[in-house]
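A short worksheet on the structure shown next.
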Amino acid sequence: MLQNALRTAASLAVCAGILSGCGASASVTVAGDKAPSVPRKQVEVNARKQLSAAVGRQAPPITCPGNLDAKVGATLQCSTQLSGRPYAVTLTVTSVKGTDVRYDVQVARHPS
């Protein structure tokens, strides 16, 4: 179990610098008079799936402070834990077409 966790952490750490091309996609929601956004939980789940696919192992959970604005160039600073150390995870919206929002997921090279 510990070896699997260490391998996953090592894989993510090695991939951290090259995951800027790792993309996710989600649907937009609009609540009342607020700007369109992707719900926090959906962003966390999709970003984790993309990181897992990129490293070939289950990535650790990603935590985000709120929704991701559905606007090209919008960013959201999230975080994850690798070997007990916090790493920043930056999500950047690359396109918005109707209710489809695409964004890149990038893990910092070094712990925060």
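Please give the length that would be gained between Gln58 and Arg40 if that part of the chain were fully extended, namely 0.36 nm times their separation in residues minus their C-alpha to C-alpha distance (nm, one decimal).
On the way: separation 18, 0.36 × 18 = 6.48 nm, distance 1.97 nm.
Contour length minus Cα-Cα distance gives 4.5 nm.
Stretch Thr90-Lys71 to full length: gain in nm at 0.36 nm per residue minus the Cα-Cα span? Show your work: numbers first, answer last.
On the way: separation 19, 0.36 × 19 = 6.84 nm, distance 1.50 nm.
Gain on extension, Thr90 to Lys71, equals 5.3 nm.
Identify, among Ser83, Tyr103, Pro36, the residue whose Cα sits farthest towards the positive end of the charge dipole of region 35-112, taking +1 on the Cβ of Lys and Arg and -1 on the Cβ of Asp and Glu, with the dipole about the Cα centre.
Going by the Cα projections, it comes out as Ser83.
Every number in this text was worked out from the coordinates using simple rules, so none of it is lab data. Quick caveat: nothing in here was measured; it's all calculated off a predicted structure. Every residue, glycine among them, receives a Cβ derived from its backbone with ideal geometry; neighbour counts consider all protein chains shown.
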